[in-house]
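> Below is one structure. I have some questions about it.
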Amino acid sequence: KSGQYNYKGVNAQAWAAMSLFLQYLRDQKFSSIQLEAANFEDFNLVFDDGKKVICESKDRKEKFSYPHLKSLLENISGKGALSDKDEILVICSKANTELISDVRNVKYFDQLQKKFAKKGYSVKLLSLLSKVQFWVVPSSFNSEVIYSLFAELINFWLPPEDIKRFVDTVLIQKIYKGSAIGATYSRSDILKEIEGFKKEIQKGSDYFNLK
């Protein structure tokens with residue numbers, strides 16, 4: 001059962017990676033996605049100015065709460081790979097709403113800093129809280145939304161099976177399998193693949209050939 005649960009977690013991570021990758025493609029400053037890079041756990045979104053959004057996908061039955069965040073920050077800070085520009089995005093299906101509010105407001109209220117300190121957060125961890133953001137979505141959300149995101153990028157109507165064929169190929173070949181080898185996949189790579197796919201569809205379509 002634990003193996004099944006881990007497999008589900010890996011899939012949630014891959015769907016989240018693909019979803020965010022597609023969402024950021026229109027950002028000219030977005031450079032690449034790093035999959036399980038050295039000194040990191042899940043994946044990073046990398047920008048031209050060197051900034052990273054360090055993404056941690058946590059698909060658990062229980063709500064992500066104060067101890068989970070403490071452990072995550074200790075893990076990240078302990079590896080010494082966090083720069084001043086970087087941000088941390090926690091992706092989860094359930095999260096403690098009080099934690100989210102406290103993280104958002106801790107820089108404004110001393111009492112919240114004391115609250116985190118009482119929960120075992122060191123001075124170093126307290127300084128990292130301003131970098132933390134949450135993306136709380138059902139585990140099925142990203143596996144559904146990426147097809148719509150890809151359809152928007154193609155910018156013309158395609159049968160759902162064609163959209164699914166491309167997205168599944170990219171997800172499995174580039175994201176899911178790439179995670180096992182710490183691959184990097186650039187914005188220019190995916191844009192080239194999308195253009196190639198568009199030409200393939202147009203070449204084989206009666207509608208485009210008639211035009």
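> Based on the mean of other Cβ atoms within 10 Å per residue, sort peptides 45-57, 14-26 so the most packed one is first.
14-26, 45-57
> Subtract the Cα-Cα distance of Glu144 and Ser77 from 0.36 nm times their separation in residues, and report this length gain in nm to one decimal.
Contour length minus the Cα-Cα distance gives 20.8 nm.
> Taking R0 as 22 Å, what's the FRET efficiency between Ser65 and Val137 from their Cβ-Cβ distance, rounded to 0.05?
The calculated FRET efficiency here is 0.80.
> Note down the relative contact order for region 31-124 as a percent, whole number, built from C-alpha pairs under 8 angstrom at least six residues apart.
After rounding, I find 25 percent.
> Here is a follow-up. Could you pull out every residue, at least 5 positions away or on a different chain, whose amide H is within less than 5 Å of the one on Val132? Hs are placed 1.01 Å off N in the peptide plane, and Pro or chain starts have none.
Those lying under 5 Å, H to H, from Val132 are Ile88.
> Follow-up question, since we're still on this one. Please state, rounded to one decimal and in Å, the Kirkwood hydrodynamic radius that region 81-187 gives when every pair of distinct Cα atoms enters the mean of 1/r.
Kirkwood radius, region 81-187: 17.2 Å.
> Would you look at the GNM of the chain, springs on alpha carbons closer than 10 Å, and say which of Gln133, Gln13, Gln173 moves the most?
Gln173
> Could I ask something else about it? Heavy-atom accessible area per residue, the chain, 1.4 Å probe: how many Å²?
56
> Per residue of the chain, what 222 nm ellipticity follows from adding -39500 (n - 2.57) for every DSSP H run with n ≥ 4, rounded to the nearest 500?
After summing the helix terms and dividing by residue count, I get -16000 deg cm²/dmol.
> Hey, what angle do you get for helix 160-170 against the long axis of the chain, alpha-carbon based, 0 to 90 degrees rounded to 10?
The helix 160-170 is inclined about 60 degrees to the chain.
> Using the crude model of +1 on Lys and Arg Cβ and -1 on Asp and Glu Cβ, and no other charge, please compute the dipole size for region 68-211 relative to its Cα centre, in debye to 20.
About 580 debye.
> Now, a different point. If you split all Cα-Cα distances of region 72-130 into 5 Å bins from zero, what percentages do you get per bin, shortest first?
4, 16, 28, 26, 20, 7
> How far is helix 66-78 tilted off the main Cα axis of the chain, in degrees rounded to 10, range 0 to 90?
In the chain, helix 66-78 runs at an angle near 80 degrees to the longest axis.
> If you don't mind, there's one more thing I want to ask. How large is ³J(HN,Hα) for each residue in region 185-199, as worked out from phi by the Karplus curve 6.51 cos²θ - 1.76 cosθ + 1.60 (θ = phi - 60°), to whole Hz, x for Gly and Pro?
Going residue by residue, I get 10, 8, 4, 5, 4, 5, 5, 5, 5, 5, 5, x, 5, 4, 5 Hz, with x marking Gly and Pro.
> List the residues, sorted by chain then number, that are 5 or more residues from Cys55 or on another chain and whose placed amide H is less than 5 Å from its amide H.
Amide H neighbours of Cys55, under 5 Å, 5+ apart: Phe43, Asn44, Leu45, Leu89.
> Something else: Once you've got the GNM for the chain with C-alpha springs shorter than 10 Å, pick whichever of Asp110, Asp59, Asp27 has the biggest mean-square fluctuation.
Asp110
> Calculate how many DSSP beta bridges within the chain are antiparallel, expressed in % of all such bridges and rounded to the nearest 5.
Roughly 50 percent of the DSSP beta bridges within the chain come out antiparallel.
> On the first, second and third principal axes, largest extent first, how far apart are the outermost C-alpha atoms of the chain in Å?
70, 41, 31
The values are calculated or read from the model by the stated rules, or taken from the named source; none is laboratory data. Just so we're clear, the structure is a prediction, and the values are computed from it rather than from any experiment. Note that we place each Cβ from the backbone using ideal geometry, even for glycine, and neighbour counts take in every protein chain shown. What goes into the accessible areas is simple: the full protein's heavy atoms, side chains included, and nothing from ligands, DNA or RNA. Shrake-Rupley method; radii C 1.70, N 1.55, O 1.52, S 1.80 Å.
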